[in-house]
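Written out below as structure tokens is the structure these notes cover.
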Amino acid sequence: LLGAGTADARGLTTGFADPLLKAFGERDGDAVFRVARGAGARVVRVPVVWGNVAWGSPAQATDPNDRVYHWDEVDDRVARISAAGLEPLLSVYGTPNFARLRGGTPHASDLAAFMTAIARRYDGSSRPRVRRFQLWNEPNLKDYMDQGDAPAQYREMLRAAYPAVHGVHEDNLLVAGGLAPFAGPDKRYGEHPLPWMRAALSEPAPFDVWSMHPYTSGPPAGRAVVRGDASIGDLATVRSILRRTGHADAQLWATEFSWDSSPPDPFGVPVREHARWVAEGLYRMWRHGVSLVVWFQLRDNPKGTFEWGQTFQSGLYFRTTDRYADEKAKPALRAFRFPFVALPARGGVDLWGRTPDSAAGRVVVERRAGRRWRRVVTLRADRDGIFRRRLRGRRGTFRARTGGTASQPFAARRTRPRFVNPFGGEALPPD
């Protein structure tokens, strides 16, 4: 048995996009966050549209109790998520008219006041505490910001938001970026994320976490098809940009990520391969320094009359019934809850995994022998539940087991290359 080399002491937290978003058509609201917790999640990313909270220009903008603020929906979501033992990540975007500078860009002073108000609303004094605040969704896309001088404007937004959220609680986190992976043909949808990031960080800008949405058009090690776009294989470049711009200590998160599966989407990843890609995708992102991955989404969208590409079939559960108690899980659910890989490496196989509860403990790695599983090695997961080892000269199919829970089996072979649009619905690349 060979050591797998040194690595930063870093865990891997997983989460979901808010399953109760209206677009998802969820019909089991009573069970959904309990199910998310059972899938190994610890975080739920909740979109907060500023204009839906602030129905007008507030007289006291930093006071969350100003009469123009309407927090009911956010209050409900924060309460439900916290009651399930999960942590909310509030993603703020959508400038109201009274605060609009141009395009989708807000006045810095209005933004600072709102970020103060939302941090005060959830400061833990009378409602559950929220520590994670994300500034904007995919600001490199035209749908969210005018792209004329968006990187410079976004830098000013960070300078306004950072002292606002930290002024309420010093240990709050401001999450920056959240960049979309693809600009589209001829930059139809916006700007390529890597040059956009370089431009935004070309001058000082404060944040605690940088986030990407590294959707990948094929297996998890893949890079983006078009230069300047960013998939999993391009996260090393993201890390390099952070180092060169003075943000080497910033955390790196993936606050939106998934692949559609087949079934139900005939253009998605076949469900058995889908499970392998989920486990390996989590591992590859962890190797690139990602410490939080938010999966999009818990259950498939209802298709209805839409084309496959217009809905997401990336859930860890199918959509065949109303109640999760009666719902069919995809193999990817087990891979997400208990990620484990066995990848060929020089002289052997690299084993990596994370326990379902992200806790330290004993993990047995087994190899399939006919119809039986035989123990190969016993490992100790660290305090974050991470375990890893290089196994000399072994091939075959492996699984990890801790307590009475086993991971999805993982064949020690190179993952087969194939092009798959991560959003399904078509056989053409996104660029």
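Tell me, yes or no, whether the range 356-365 has at least one residue that is under 27 Å from P270 (Cα atoms), in contact with a helix residue (DSSP H, G or I) (Cβ under 9 Å, 6 or more places away or on another chain), part of a loop (DSSP other than H, G, I, E, B) and open to solvent by 10 Å² or more (accessible area, probe 1.4 Å). For the range 356-365, residues under 27 Å from P270 (Cα atoms), in contact with a helix residue (DSSP H, G or I) (Cβ under 9 Å, 6 or more places away or on another chain), part of a loop (DSSP other than H, G, I, E, B) and open to solvent by 10 Å² or more (accessible area, probe 1.4 Å): present.
Quick grid of which residues meet (1) of a type in the set (K, R); (2) within 27 Å of G85 (Cβ to Cβ):
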site	(1), (2)
R334	yes, yes
L343	no, no
D350	no, no
G370	no, no
R375	yes, no
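Only one residue in A59, A79 is more than 17 Å from the chain's Cα centre (by Cα), assigned to a helix (DSSP H, G or I) and of a type in the set (A, V, I, L, M). Which one? Only one candidate passes the filter, namely A79. Against the definition (open to solvent by 30 Å² or more (accessible area, probe 1.4 Å) and either touching a residue at least 60 places away in the same chain (Cβ under 8 Å) or farther than 16 Å from W210 by Cα (or both)), how does G124 come out, yes or no? The answer is yes for G124.
Within the range 376-389, the set of residues being part of a strand (DSSP E or B) and open to solvent by less than 60 Å² (accessible area, probe 1.4 Å) comprises V376, V377, T378, L379, A381, I386, F387. Of all residues in the range 60-70, those being farther than 15 Å from A113 by Cβ and surrounded by 15 or more Cβ atoms within 10 Å (Cβ to Cβ) number 0. Of all residues in the range 183-198, one or more are part of a loop (DSSP other than H, G, I, E, B) and open to solvent by less than 30 Å² (accessible area, probe 1.4 Å).
So is D229 of a type outside the set (G, A, S), over 21 Å from V43 (Cβ atoms), in a helix (DSSP H, G or I) and in contact with a Leu (Cβ under 8 Å, 6 or more places away or on another chain) or not? So D229 does not fit the description; no. Scanning the range 346-355 for residues that are outside any strand (DSSP E or B) and either basic (K, R) or surrounded by fewer than 19 Cβ atoms within 10 Å (Cβ to Cβ) (or both) turns up R346, G347.
Taking the conditions exactly as written (touching a Phe, Trp or Tyr at 6+ places or on another chain (Cβ under 7 Å) and of a type outside the set (S, T, N, Q)), does V53 satisfy them or not? Yes; evaluated as a whole, the condition is true for this residue. Considering the range 83-136, the residues that are charged (D, E, K, R) and more than 23 Å from A180 (Cα to Cα) include one that is farthest from the chain's Cα centre (by Cα), namely D110. If you take the residues in the range 95-116 that are surrounded by fewer than 20 Cβ atoms within 10 Å (Cβ to Cβ) and of a type in the set (A, V, I, L, M, F, W, C), which one is farthest from A150 (Cα to Cα)? Out of the qualifying residues, it is F98. Could you check the range 263-284 and list, in sequence order, the residues that are of a type outside the set (A, V, I, L, M), part of a helix (DSSP H, G or I) and crowded, with 20+ Cβ neighbours inside 10 Å? Passing the criteria: E273, H274, R276, W277, E280, G281, Y283, R284. Screening D146 on (1) part of a helix (DSSP H, G or I); (2) farther than 30 Å from R34 by Cβ; (3) among the charged types (D, E, K, R) shows it passes everything except condition (1). Take the conditions modelled with pLDDT of 95 or more and open to solvent by less than 20 Å² (accessible area, probe 1.4 Å) and apply them to S240. Does it pass? Answer is no for this residue.
From the list A79, A83, the one residue that fits, being open to solvent by 60 Å² or more (accessible area, probe 1.4 Å), closer than 18 Å to S126 by Cβ and out of contact with any Phe, Trp or Tyr (no Cβ under 7 Å at 6 or more places or on another chain), is A83.
Looking only at residues in the range 137-157 that are farther than 17 Å from F182 by Cα and modelled with pLDDT of 95 or more, the one that is surrounded by the fewest Cβ atoms within 10 Å (Cβ to Cβ) is A152. For V376, the criteria (1) in contact with an Asp or Glu (Cβ under 8 Å, 6 or more places away or on another chain); (2) closer than 30 Å to L89 by Cα hold in every case but one, which is (2). Of the residues making up the range 163-174, not a single one is part of a loop (DSSP other than H, G, I, E, B), buried (at least 17 other Cβ atoms within 10 Å of the Cβ), in contact with a helix residue (DSSP H, G or I) (Cβ under 7 Å, 6 or more places away or on another chain) and β-branched (V, I, T).
Among what's in the range 64-94 and is in contact (Cβ under 8 Å) with a residue 40 or more places away in the chain and charged (D, E, K, R), pick the residue that is farthest from M145 (Cα to Cα). Selected residue: R80. Among the residues making up the range 178-191, those that are in contact (Cβ under 8 Å) with a residue 60 or more places away in the chain and more than 18 Å from G233 (Cα to Cα) are G184, P185. Would you pick out the residues in the range 285-331 that are small (G, A, S) and either part of a loop (DSSP other than H, G, I, E, B) or open to solvent by 30 Å² or more (accessible area, probe 1.4 Å) (or both)? Once the filter is applied, which keeps residues that are small (G, A, S) and either part of a loop (DSSP other than H, G, I, E, B) or open to solvent by 30 Å² or more (accessible area, probe 1.4 Å) (or both), the range 285-331 yields G289, G304, G309, S314, G315, A325, A329.
The values are calculated or read from the model by the stated rules, or taken from the named source; none is laboratory data. Just so we're clear, the structure is a prediction, and the values are computed from it rather than from any experiment. We place every Cβ from the backbone using ideal geometry, glycine too, and count neighbours over all the protein chains shown. All accessible areas refer to the heavy atoms of the entire protein, side chains included, with ligands and DNA or RNA removed. Shrake-Rupley method; radii C 1.70, N 1.55, O 1.52, S 1.80 Å.
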